[in-house]
1. State all residues of the range 226-276 that are of a type in the set (Lys, Arg) and closer than 30 Å to Ala113 by Cβ; if no residue qualifies, say none.
2. Given the structure, is Asp275 in contact (Cβ under 8 Å) with a residue 40 or more places away in the chain, assigned to a loop (DSSP other than H, G, I, E, B) and not assigned by TED's automatic domain parsing to the domain that holds Ile158?
3. Looking only at the range 226-272, filter to residues that are of a type in the set (S, T, N, Q) and assigned to a strand (DSSP E or B); which one of those is surrounded by the fewest Cβ atoms within 10 Å (Cβ to Cβ)?
4. Going by what's in this entry, would Glu159 be described as of a type in the set (Asp, Glu), in the same structural domain as Phe63 (by TED's automatic domain parsing) and surrounded by 18 or more Cβ atoms within 10 Å (Cβ to Cβ)?
5. Based on this model, can you work out whether Glu72 counts as exposed (fewer than 15 other Cβ atoms within 10 Å of the Cβ) and closer than 18 Å to Ala147 by Cα?
6. Sort out which residues of the range 241-278 are under 20 Å from Arg315 (Cβ atoms) and among the aliphatic types (A, V, I, L, M), and write them in order of number.
7. Count, please, the residues in the range 61-76 that happen to be outside any loop (DSSP other than H, G, I, E, B) and touching a His at 6+ places or on another chain (Cβ under 6 Å).
Amino acid sequence: MRDIKKLCITGTIFVLILSIILVSPVKAQTTDTLYFEETGHSITGVILEYYQTVEDAMLLFGFPITEEFTDENTGQRTQYFQHVRLDITESTSGPTVQIAPLGTLLYDENAPATPLNTVNTACRISQNTGKQICYDFLRFYEAHHGAKYLGEPISNLIEQDRRIVQYFENGRLEWRPELPAGQKIGVSNLGQIYYNQEIGPDGQNAAGQNIIVSSIPEVKVSTFVSKALIAANNSQKIFVIVQDKNLQPVQGAMINITIHKPGELGEGYRAPATDKNGISVFEFNVGDLPIKQVMNVDVDVDYSGVRTESESWFRVWW
């Protein structure tokens with residue numbers, strides 16, 4: 001009988017404790033800092049609050065490449081990401097975050113570029129700028145709230161530096177034919193480009209203010225073909241060698257290859273990532289090409305978010 005009373009008392013205490021646990025408010029775990037090991041930088045404060053409201057923020061913004069700092073040229077608190085720059089501005093309701101118009105700042109209508117013909121039925125025309133958004137560019141734009149984050153298109157589709165691209169007010173989209181379906185459209189690294197142009201690799205702005213900047217890896221890329229002269233319908237190998245600034249092999253670099261006739265876009269391929277020796281080998285069949293046809297080989301290497309290009313060629317000789 002005494003044991004039964006003990007069990008009853010114990011059970012009652014357990015129920016009371018459990019009730020207290022369930023009824024008591026539980027504080028959600030929050031953080032005021034988001035750290036990225038990939039670049040060694042953090043997002044904090046109002047920029048972090050804004051970042052956390054953006055769906056697909058990593059896809060649209062990329063990694064942070066600086067800490068938040070005061071830009072002496074603008075007097076604003078700002079932070080650079082791979083694809084964008086986020087500025088803090090004051091309003092009646094307090095500080096707010098805006099995406100800087102890097103697309104507008106970097107787009108040069110007079111720069112060498114080839115306009116591409118588009119079909120109106122596959123495009124949407126901006127009522128504000130009169131520019132068209134077409135094909136996969138339009139699908140990406142609509143799927144990722146492009147009007148809100150990229151802004152209005154300020155160019156049509158153009159070929160620039162061997163890439164099909166389109167400029168928007170706040171960024172640039174580019175076509176990556178070597179990637180799988182559904183991943184061929186990406187956001188260009190305009191944040192990195194503008195940072196290098198305006199502030200420079202020494203990590204100081206015009207006023208000499210020191211800024212903590214990611215260590216941007218420097219790589220050297222060399223490209224070779226196994227046969228400079230080759231017969232049609234034969235197997236060809238492309239060797240890509242990636243080294244760091246000390247000429248040491250770089251492992252894990254992503255290799256994209258485009259093979260094309262001069263003046264044409266050609267086909268894009270994803271080659272194997274570089275091995276421990278810094279080498280990637282891609283083999284393919286050259287196909288039924290006419291004699292004396294020259295084929296260009298364009299190589300785009302992506303290592304830690306930094307892209308480096310290289311090229312080679314071969315000729316069908318018999």
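The values are calculated or read from the model by the stated rules, or taken from the named source; none is laboratory data. Here the structure is a predicted model, which is why all the values come from computation and not from measurement. Glycine also receives a Cβ, built like all others from the backbone with ideal geometry; neighbour counts cover every protein chain displayed.
1. Across the range 226-276, the qualifying residues are Lys261, Arg270.
2. Details: in contact (Cβ under 8 Å) with a residue 40 or more places away in the chain: no; assigned to a loop (DSSP other than H, G, I, E, B): yes; not assigned by TED's automatic domain parsing to the domain that holds Ile158: yes.
No; evaluated as a whole, the condition is false for this residue.
3. Going through the range 226-272, the residues of a type in the set (S, T, N, Q) turn out to be 226, 233-236, 243, 246, 248, 251, 256, 258.
Of the ones still in play, those that are also assigned to a strand (DSSP E or B) are 235-236, 243, 256, 258.
Details: Ser235: 11, Gln236: 19, Gln243: 17, Asn256: 20, Thr258: 20.
Out of the qualifying residues, it is Ser235.
4. Numbers: of a type in the set (Asp, Glu): yes; in the same structural domain as Phe63 (by TED's automatic domain parsing): yes; surrounded by 18 or more Cβ atoms within 10 Å (Cβ to Cβ): no.
Spelling it out, it is not the case that Glu159 is of a type in the set (Asp, Glu), in the same structural domain as Phe63 (by TED's automatic domain parsing) and surrounded by 18 or more Cβ atoms within 10 Å (Cβ to Cβ).
5. Details: exposed (fewer than 15 other Cβ atoms within 10 Å of the Cβ): yes; closer than 18 Å to Ala147 by Cα: no.
Considered against the rule, which asks whether it is exposed (fewer than 15 other Cβ atoms within 10 Å of the Cβ) and closer than 18 Å to Ala147 by Cα, Glu72 comes out as no.
6. Across the range 241-278, the qualifying residues are Ile257, Ile259, Leu265.
7. Adding up the residues that qualify gives 2.
Listed here are the residues, each with its yes/no results for (1) at pLDDT below 90; (2) of a type in the set (D, E, K, R); (3) assigned by TED's automatic domain parsing to the domain that holds Ile199; (4) not in a loop (DSSP other than H, G, I, E, B).
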| position | (1), (2), (3), (4) |
| --- | --- |
| Cys8 | yes, no, no, yes |
| Thr39 | yes, no, yes, no |
| Val46 | no, no, yes, yes |
| Tyr50 | no, no, yes, yes |
| Thr78 | no, no, yes, yes |
